[in-house]
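There's a structure below that I have some questions on.
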Amino acid sequence: MPKATEREKLLEVEHIKVQFGKKSKPFVAVKDVSFSIYQGETFGLVGESGSGKTTIGRAVIRANPLAAGEIRFAGQRISGRLTKEQDQQVTQDIQMIFQDPMDSLNERAKVGYIVAEGLYAPGRHYTEEQRRELVAKALSDVGLLPEFASRFPHEFSGGQRQRIGIARALILNPKFIVADEPISALDVSIRAQVLNLLAGLQKERGLTYLFIAHDLSVVRFICDRIAVIHRGQIVELAGSEQLFAHPLHPYTQALLSAIPQPDPITERKKKLLVYDPACHDYTTDAPTWQEVEPGHFVYGNTKELDGYRKAVQA
Ligand SMILES: Nc1ncnc2c1ncn2[C@@H]1O[C@H](COP(=O)(O)OP(=O)(O)OP(=O)(O)O)[C@@H](O)[C@H]1O
Ligand SMILES: [Mg+2]
(Lines give C-alpha, C1' and ligand atoms only; values in the text may rest on other atoms or scores of the structure.)
(Ligands and ions follow the chains in the order given, each with its own letter.)
Protein backbone atom coordinates (compact mmCIF):
# COMPACT_ATOMS: atom_id res chain seq x y z
CA MET A 1 0.00 0.00 0.00
CA PRO A 2 1.35 3.48 -0.83
CA LYS A 3 2.32 5.66 2.12
CA ALA A 4 -0.36 8.09 3.29
CA THR A 5 1.69 11.05 2.09
CA GLU A 6 1.73 9.72 -1.48
CA ARG A 7 -2.00 9.22 -1.59
CA GLU A 8 -4.65 11.59 -2.83
CA LYS A 9 -6.06 14.04 -0.30
CA LEU A 10 -9.82 13.56 -0.40
CA LEU A 11 -10.79 16.04 2.31
CA GLU A 12 -8.80 19.16 3.16
CA VAL A 13 -9.76 21.22 6.16
CA GLU A 14 -7.84 24.47 6.30
CA HIS A 15 -7.75 26.88 9.22
CA ILE A 16 -11.42 26.50 9.96
CA LYS A 17 -13.18 28.40 12.69
CA VAL A 18 -16.75 27.68 13.79
CA GLN A 19 -18.64 29.88 16.20
CA PHE A 20 -22.11 30.01 17.74
CA GLY A 21 -24.25 32.70 19.28
CA LYS A 22 -24.36 36.42 18.61
CA LYS A 23 -21.84 37.89 16.19
CA SER A 24 -21.01 40.57 18.75
CA LYS A 25 -20.24 37.97 21.45
CA PRO A 26 -19.62 34.63 19.75
CA PHE A 27 -18.66 31.36 21.40
CA VAL A 28 -15.81 29.92 19.35
CA ALA A 29 -16.32 26.14 19.35
CA VAL A 30 -13.59 25.41 16.76
CA LYS A 31 -10.65 27.81 16.82
CA ASP A 32 -8.19 27.20 13.99
CA VAL A 33 -8.25 23.63 12.79
CA SER A 34 -6.42 22.13 9.81
CA PHE A 35 -6.05 18.52 8.68
CA SER A 36 -6.31 16.45 5.52
CA ILE A 37 -7.79 13.01 5.06
CA TYR A 38 -6.43 10.72 2.37
CA GLN A 39 -8.54 8.64 0.04
CA GLY A 40 -9.39 5.29 1.65
CA GLU A 41 -8.08 6.00 5.13
CA THR A 42 -9.77 6.09 8.51
CA PHE A 43 -8.92 9.31 10.29
CA GLY A 44 -9.67 9.49 14.00
CA LEU A 45 -10.69 12.67 15.81
CA VAL A 46 -10.46 12.26 19.56
CA GLY A 47 -11.12 14.55 22.50
CA GLU A 48 -13.24 15.06 25.57
CA SER A 49 -16.89 16.08 25.60
CA GLY A 50 -17.47 19.59 24.28
CA SER A 51 -14.08 19.83 22.54
CA GLY A 52 -15.66 20.48 19.13
CA LYS A 53 -15.60 17.06 17.43
CA THR A 54 -19.23 17.01 16.31
CA THR A 55 -18.96 20.68 15.34
CA ILE A 56 -16.13 19.77 12.95
CA GLY A 57 -18.08 16.78 11.59
CA ARG A 58 -21.09 18.99 10.99
CA ALA A 59 -18.90 21.58 9.28
CA VAL A 60 -17.71 18.84 6.91
CA ILE A 61 -21.29 17.87 6.00
CA ARG A 62 -21.96 21.63 5.68
CA ALA A 63 -24.46 21.79 8.54
CA ASN A 64 -22.29 24.33 10.40
CA PRO A 65 -21.17 27.40 8.45
CA LEU A 66 -17.55 28.48 8.81
CA ALA A 67 -16.55 31.80 10.37
CA ALA A 68 -13.13 31.43 8.73
CA GLY A 69 -11.14 28.93 6.69
CA GLU A 70 -12.07 26.55 3.93
CA ILE A 71 -13.00 22.92 3.37
CA ARG A 72 -12.20 21.16 0.08
CA PHE A 73 -13.39 17.78 -1.13
CA ALA A 74 -11.66 16.07 -4.06
CA GLY A 75 -9.88 19.34 -4.74
CA GLN A 76 -13.04 21.48 -4.85
CA ARG A 77 -14.12 24.01 -2.26
CA ILE A 78 -17.30 22.80 -0.54
CA SER A 79 -17.61 25.44 2.19
CA GLY A 80 -19.49 28.63 1.46
CA ARG A 81 -21.89 29.01 -1.45
CA LEU A 82 -22.19 26.23 -4.00
CA THR A 83 -24.16 25.86 -7.19
CA LYS A 84 -27.21 23.59 -7.09
CA GLU A 85 -25.31 20.87 -8.97
CA GLN A 86 -22.29 21.07 -6.66
CA ASP A 87 -24.59 21.01 -3.65
CA GLN A 88 -26.31 17.82 -4.86
CA GLN A 89 -22.99 16.19 -5.65
CA VAL A 90 -21.50 16.94 -2.22
CA THR A 91 -24.66 15.75 -0.46
CA GLN A 92 -24.32 12.49 -2.32
CA ASP A 93 -20.58 12.14 -1.68
CA ILE A 94 -20.45 13.00 2.04
CA GLN A 95 -22.72 11.40 4.60
CA MET A 96 -22.80 11.21 8.39
CA ILE A 97 -23.54 8.47 10.91
CA PHE A 98 -24.65 9.73 14.30
CA GLN A 99 -23.71 8.97 17.87
CA ASP A 100 -27.00 7.89 19.32
CA PRO A 101 -29.08 5.59 17.16
CA MET A 102 -31.98 6.11 19.60
CA ASP A 103 -32.09 9.86 18.97
CA SER A 104 -31.11 10.13 15.36
CA LEU A 105 -33.93 8.15 13.73
CA ASN A 106 -37.37 9.63 13.18
CA GLU A 107 -39.61 7.49 15.41
CA ARG A 108 -42.76 8.09 13.42
CA ALA A 109 -41.37 7.09 10.06
CA LYS A 110 -41.00 3.53 8.85
CA VAL A 111 -37.48 2.20 8.40
CA GLY A 112 -38.01 2.09 4.62
CA TYR A 113 -38.68 5.82 4.51
CA ILE A 114 -35.83 6.67 6.89
CA VAL A 115 -33.34 4.76 4.78
CA ALA A 116 -34.76 6.13 1.51
CA GLU A 117 -34.86 9.78 2.57
CA GLY A 118 -31.77 10.78 0.58
CA LEU A 119 -33.48 9.49 -2.57
CA TYR A 120 -36.23 12.11 -2.23
CA ALA A 121 -33.76 15.02 -2.32
CA PRO A 122 -34.22 17.65 -5.05
CA GLY A 123 -32.80 16.67 -8.39
CA ARG A 124 -33.24 12.93 -7.80
CA HIS A 125 -35.86 11.03 -9.68
CA TYR A 126 -36.52 7.48 -8.64
CA THR A 127 -39.59 5.41 -9.20
CA GLU A 128 -41.30 3.75 -6.26
CA GLU A 129 -39.94 0.42 -7.47
CA GLN A 130 -36.33 1.70 -7.73
CA ARG A 131 -36.56 3.18 -4.26
CA ARG A 132 -37.80 -0.11 -2.82
CA GLU A 133 -34.95 -1.99 -4.47
CA LEU A 134 -32.31 0.46 -3.26
CA VAL A 135 -33.67 0.32 0.30
CA ALA A 136 -33.68 -3.49 0.22
CA LYS A 137 -30.08 -3.47 -1.00
CA ALA A 138 -28.95 -0.90 1.58
CA LEU A 139 -30.58 -2.93 4.37
CA SER A 140 -29.02 -6.17 3.24
CA ASP A 141 -25.62 -4.44 2.86
CA VAL A 142 -25.69 -3.69 6.57
CA GLY A 143 -26.87 -7.16 7.53
CA LEU A 144 -30.59 -6.42 7.97
CA LEU A 145 -33.55 -8.11 6.32
CA PRO A 146 -35.29 -6.19 3.51
CA GLU A 147 -38.63 -6.87 5.29
CA PHE A 148 -37.55 -4.53 8.06
CA ALA A 149 -38.42 -1.62 5.76
CA SER A 150 -42.05 -1.79 6.83
CA ARG A 151 -41.31 -1.63 10.56
CA PHE A 152 -40.71 1.27 12.93
CA PRO A 153 -37.36 2.14 14.57
CA HIS A 154 -38.55 1.37 18.12
CA GLU A 155 -38.92 -2.29 17.18
CA PHE A 156 -35.14 -2.62 16.89
CA SER A 157 -32.20 -3.00 19.25
CA GLY A 158 -29.47 -0.35 19.55
CA GLY A 159 -27.10 -2.24 17.26
CA GLN A 160 -29.81 -2.78 14.64
CA ARG A 161 -30.77 0.87 14.82
CA GLN A 162 -27.18 1.89 14.22
CA ARG A 163 -27.22 -0.43 11.19
CA ILE A 164 -30.33 1.40 9.97
CA GLY A 165 -28.43 4.68 10.38
CA ILE A 166 -25.56 3.23 8.35
CA ALA A 167 -27.94 1.97 5.61
CA ARG A 168 -29.41 5.46 5.42
CA ALA A 169 -25.95 6.96 5.00
CA LEU A 170 -25.02 4.40 2.33
CA ILE A 171 -28.05 4.65 0.10
CA LEU A 172 -26.63 7.45 -2.06
CA ASN A 173 -23.37 5.55 -2.41
CA PRO A 174 -21.15 8.15 -0.70
CA LYS A 175 -17.37 8.38 -0.91
CA PHE A 176 -16.81 9.87 2.52
CA ILE A 177 -18.49 9.18 5.86
CA VAL A 178 -18.32 11.18 9.05
CA ALA A 179 -18.91 8.57 11.77
CA ASP A 180 -19.67 10.54 14.93
CA GLU A 181 -19.05 8.18 17.87
CA PRO A 182 -20.97 5.44 16.07
CA ILE A 183 -20.45 2.86 18.80
CA SER A 184 -20.37 4.84 22.07
CA ALA A 185 -24.08 4.43 22.75
CA LEU A 186 -24.03 0.68 22.03
CA ASP A 187 -23.62 -2.27 24.37
CA VAL A 188 -20.02 -3.37 24.59
CA SER A 189 -20.95 -6.78 23.19
CA ILE A 190 -22.16 -5.37 19.88
CA ARG A 191 -19.59 -2.61 19.39
CA ALA A 192 -17.18 -4.92 17.58
CA GLN A 193 -19.93 -6.01 15.18
CA VAL A 194 -20.63 -2.44 14.12
CA LEU A 195 -16.90 -1.69 13.81
CA ASN A 196 -16.46 -4.80 11.67
CA LEU A 197 -19.38 -3.77 9.50
CA LEU A 198 -17.83 -0.32 8.94
CA ALA A 199 -14.44 -1.87 8.17
CA GLY A 200 -16.02 -4.32 5.70
CA LEU A 201 -17.93 -1.58 3.91
CA GLN A 202 -14.76 0.46 3.67
CA LYS A 203 -12.89 -2.41 2.08
CA GLU A 204 -15.65 -3.22 -0.42
CA ARG A 205 -16.37 0.35 -1.47
CA GLY A 206 -13.10 2.16 -0.89
CA LEU A 207 -14.81 4.46 1.61
CA THR A 208 -12.95 7.13 3.55
CA TYR A 209 -13.91 7.78 7.19
CA LEU A 210 -13.66 10.61 9.64
CA PHE A 211 -14.14 8.59 12.82
CA ILE A 212 -14.99 10.63 15.92
CA ALA A 213 -14.44 9.13 19.38
CA HIS A 214 -14.08 10.06 23.01
CA ASP A 215 -11.15 7.92 23.93
CA LEU A 216 -7.99 6.80 22.25
CA SER A 217 -8.38 3.10 22.92
CA VAL A 218 -11.31 2.84 20.47
CA VAL A 219 -9.49 4.50 17.60
CA ARG A 220 -6.08 2.92 18.06
CA PHE A 221 -6.76 -0.19 16.03
CA ILE A 222 -9.16 1.14 13.45
CA CYS A 223 -7.57 4.46 12.48
CA ASP A 224 -4.60 5.06 10.22
CA ARG A 225 -4.01 8.50 11.69
CA ILE A 226 -5.37 10.26 14.74
CA ALA A 227 -5.93 13.92 15.62
CA VAL A 228 -6.35 14.94 19.25
CA ILE A 229 -8.55 17.94 19.94
CA HIS A 230 -8.81 20.04 23.09
CA ARG A 231 -11.22 22.95 23.48
CA GLY A 232 -11.66 23.63 19.78
CA GLN A 233 -7.98 23.27 18.87
CA ILE A 234 -6.27 20.20 17.44
CA VAL A 235 -3.16 19.83 19.58
CA GLU A 236 -1.55 16.79 17.97
CA LEU A 237 -1.88 14.68 14.81
CA ALA A 238 0.11 11.59 13.87
CA GLY A 239 -0.08 8.06 12.53
CA SER A 240 -1.79 5.83 15.11
CA GLU A 241 1.36 3.90 15.99
CA GLN A 242 3.42 7.09 16.03
CA LEU A 243 0.97 8.77 18.39
CA PHE A 244 0.94 5.85 20.81
CA ALA A 245 4.73 5.48 20.66
CA HIS A 246 5.60 9.17 20.99
CA PRO A 247 2.76 11.23 22.40
CA LEU A 248 4.20 14.74 22.59
CA HIS A 249 1.52 17.17 23.67
CA PRO A 250 0.72 17.01 27.41
CA TYR A 251 -3.00 16.64 26.64
CA THR A 252 -2.36 13.58 24.45
CA GLN A 253 -0.16 12.15 27.20
CA ALA A 254 -2.98 12.66 29.70
CA LEU A 255 -5.51 10.96 27.40
CA LEU A 256 -3.15 8.02 26.91
CA SER A 257 -2.55 7.65 30.63
CA ALA A 258 -6.31 7.30 31.11
CA ILE A 259 -6.52 4.14 28.96
CA PRO A 260 -6.99 1.13 31.26
CA GLN A 261 -4.15 -1.42 31.13
CA PRO A 262 -5.06 -5.10 30.78
CA ASP A 263 -2.51 -6.13 33.39
CA PRO A 264 -3.90 -5.38 36.89
CA ILE A 265 -0.42 -4.79 38.37
CA THR A 266 0.56 -2.20 35.75
CA GLU A 267 -2.89 -0.71 36.04
CA ARG A 268 -2.55 -0.27 39.82
CA LYS A 269 0.91 1.26 39.54
CA LYS A 270 -0.08 3.52 36.67
CA LYS A 271 0.22 7.25 37.16
CA LEU A 272 -2.78 9.10 35.83
CA LEU A 273 -1.63 12.33 34.20
CA VAL A 274 -3.78 15.41 34.60
CA TYR A 275 -3.62 18.03 31.88
CA ASP A 276 -3.50 21.62 33.01
CA PRO A 277 -3.88 24.08 30.11
CA ALA A 278 -2.16 26.67 32.34
CA CYS A 279 1.11 24.74 31.82
CA HIS A 280 1.57 26.63 28.55
CA ASP A 281 2.90 30.15 28.62
CA TYR A 282 1.62 31.65 25.40
CA THR A 283 1.78 35.32 26.44
CA THR A 284 5.04 36.22 24.69
CA ASP A 285 5.58 33.17 22.50
CA ALA A 286 2.40 32.33 20.54
CA PRO A 287 1.66 28.71 19.62
CA THR A 288 1.62 27.44 16.03
CA TRP A 289 0.82 24.16 14.32
CA GLN A 290 4.06 22.50 13.17
CA GLU A 291 5.30 19.20 11.75
CA VAL A 292 7.97 17.99 14.19
CA GLU A 293 8.76 14.75 12.35
CA PRO A 294 7.30 13.48 9.05
CA GLY A 295 3.53 13.19 9.48
CA HIS A 296 3.58 14.20 13.15
CA PHE A 297 2.10 17.63 13.91
CA VAL A 298 1.90 19.36 17.27
CA TYR A 299 0.50 22.65 18.51
CA GLY A 300 2.94 24.62 20.63
CA ASN A 301 5.13 27.69 21.00
CA THR A 302 8.74 27.87 19.81
CA LYS A 303 10.15 26.53 23.05
CA GLU A 304 7.69 23.64 23.29
CA LEU A 305 8.18 22.71 19.64
CA ASP A 306 11.96 22.61 20.12
CA GLY A 307 11.41 20.23 23.01
CA TYR A 308 9.06 18.03 20.92
CA ARG A 309 11.61 17.88 18.07
CA LYS A 310 14.34 16.81 20.48
CA ALA A 311 12.03 14.24 22.07
CA VAL A 312 11.30 12.52 18.74
CA GLN A 313 15.01 12.46 17.80
CA ALA A 314 16.01 10.97 21.13
N1 LIG B 1 -25.64 24.73 17.78
C2 LIG B 1 -24.88 25.14 18.81
N3 LIG B 1 -25.14 26.31 19.44
C4 LIG B 1 -24.36 26.71 20.48
N5 LIG B 1 -23.31 26.04 20.95
C6 LIG B 1 -23.02 24.88 20.37
C7 LIG B 1 -23.78 24.36 19.27
N8 LIG B 1 -23.24 23.18 18.89
C9 LIG B 1 -22.20 22.96 19.72
N10 LIG B 1 -22.05 23.99 20.60
C11 LIG B 1 -21.02 24.10 21.62
O12 LIG B 1 -19.76 23.91 21.00
C13 LIG B 1 -18.89 23.15 21.83
C14 LIG B 1 -18.43 21.92 21.08
O15 LIG B 1 -19.53 21.05 20.93
P16 LIG B 1 -19.46 19.66 20.18
O17 LIG B 1 -20.82 19.10 20.16
O18 LIG B 1 -18.76 19.86 18.90
O19 LIG B 1 -18.52 18.83 21.16
P20 LIG B 1 -18.10 17.29 21.05
O21 LIG B 1 -16.62 17.28 21.09
O22 LIG B 1 -18.78 16.65 19.92
O23 LIG B 1 -18.63 16.72 22.44
P24 LIG B 1 -19.29 15.27 22.77
O25 LIG B 1 -18.11 14.36 22.94
O26 LIG B 1 -20.00 15.50 24.06
O27 LIG B 1 -20.19 14.88 21.67
C28 LIG B 1 -19.66 22.83 23.10
O29 LIG B 1 -19.32 23.79 24.08
C30 LIG B 1 -21.11 23.01 22.67
O31 LIG B 1 -21.91 23.37 23.75
MG1 LIG C 1 -20.17 15.11 19.76
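Pop a pseudo-label 7 angstrom from the Cα along the beta-carbon direction at both L272 and A311 and give the gap in nm to one decimal.
That separation, rounded to one decimal, is 2.1 nm.
Let me ask something else about it. Sticking with the crude label model, points 7 Å out along Cα→Cβ, report the distance from K110 to K84 in nm, one decimal please.
Distance between label points: 3.1 nm.
Stretch C279-E128 to full length: gain in nm at 0.36 nm per residue minus the Cα-Cα span?
48.3 nm
Relative contact order for the chain: what is it in percent, counting Cα pairs under 8 Å that are at least 6 residues apart?
20
Note down the Stokes-Einstein diffusion coefficient of the chain in µm²/s, whole number, using a Kirkwood radius over alpha carbon pairs, 10 °C, and 1.306 mPa s.
76
Still on this structure: Report, to two decimal places, the Cα Rg of the range 128-258 normalised by 2.2 N^0.38 Å (N = number of residues).
Normalised by 2.2 N^0.38 Å, the Cα Rg of the range 128-258 equals 1.23.
Quick check for you: with a 1.4 Å probe and neighbouring chains kept, what is the accessible area per residue of the chain, in Å²?
Result: 52 Å² of accessible area for each residue.
If you don't mind, there's one more thing I want to ask. Pulled fully out, how much extra length does the chain show between A67 and I259, if you take 0.36 nm times their separation in residues and subtract their Cα-Cα distance?
Separation in residues times 0.36 nm, less the Cα-Cα distance, equals 65.6 nm.
Determine the gain in length on full extension of the stretch S49-E117; use 0.36 nm per residue of separation and subtract their C-alpha separation, reporting nm with one decimal.
21.5 nm
Once both labels are modelled 7 Å past Cα along the beta-carbon direction, what's the N173-K203 spacing in nm?
Between N173 and K203, the simple spin-label model gives 2.2 nm.
For the cross-link pairs K269/K303; K25/K175; K9/K53, which exceed 30 Å when the distance is taken from alpha carbon to alpha carbon?
K269/K303; K25/K175
Are there trypsin sites (Lys or Arg not before Pro) in the range 1-68 that DSSP puts in a loop and that have at most 10 other Cβ atoms within 10 Å, and which ones?
K3, K22, K23
Taking every DSSP beta bridge with both residues inside the chain, roughly what % is antiparallel (nearest 5)?
Here the share of antiparallel DSSP bridges comes out near 60 percent.
What is the Cα centroid distance between the range 1-77 and the range 168-197, reported in whole angstrom?
Taking the Cα centre of the range 168-197 as reference, the centre of the range 1-77 is 20 Å away.
Still on this structure, I have one more. Amide H of L45 versus every other amide H placed in the peptide plane: which residues, excluding those fewer than 5 positions away on the same chain, fall under 5 Å?
F211, I212, A213, A227
For the chain, modelled as a GNM with alpha-carbon contacts under 10 angstrom, which of L210, L198, L273 fluctuates the most?
Top of the fluctuation ranking is L273.
Evaluate the Kirkwood expression for the hydrodynamic radius of the range 230-309, namely the inverse of the mean inverse distance over all pairs of different C-alpha atoms, and round to one decimal in Å.
The Cα-based Kirkwood calculation yields 13.7 Å.
The values are calculated or read from the model by the stated rules, or taken from the named source; none is laboratory data. Only a predicted model underlies this, so the values are computations on that prediction, with no experimental measurement involved. Using ideal geometry, Cβ is built from the backbone for each residue, glycine included, and neighbour counts are taken over all protein chains shown. The accessibility values were calculated without ligands, DNA or RNA, using every heavy atom of the protein model including side chains. Shrake-Rupley method; radii C 1.70, N 1.55, O 1.52, S 1.80 Å.
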